[in-house]
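The values are calculated or read from the model by the stated rules, or taken from the named source; none is laboratory data. Just so you know, these numbers come straight off a predicted model, no measurement behind them. Cβ atoms come from the backbone with ideal geometry, glycine included; neighbour counts cover every protein chain shown.
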Amino acid sequence: MSSDRHTPQSTAARRAHFMPDWPRAMDAELAAAYCSVSPNTLRKEGPKPVIIGKERKVWLRHQLDTWLDGLAGIAPPSAKTGEWDD
């Protein structure tokens, strides 16, 4: 008999499962779930957060996408042509 272990998901991961689309700005836990990394990895290696008000830190979905694309070696669209570079 095999034992199936279920690793509990973070609150952010459970919340994200029910979202039809990801929000534009995310707290560290949700942004980390979006990127499939830990919040600690996001803070150490990810893009800098945007500060809202005096203390609230959020990560923008576009910046997270750009960061992940850079890690994957995917070039952003050219500003002049609007087409993807080869």
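Overview of values
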item	result
Those helices (runs of 4 or more DSSP H) lying entirely in the chain with at least 2 residues modelled with pLDDT of 95 or more and surrounded by 10 or more Cβ atoms within 10 Å (Cβ to Cβ)	28-35, 39-45, 61-72
Every residue from segment 32-61 that is within 9 Å of the chain's Cα centre (by Cα) and within 19 Å of Asp21 (Cα to Cα)	Ala32, Ala33, Tyr34, Cys35, Ser36, Val37, Trp59, Leu60, Arg61
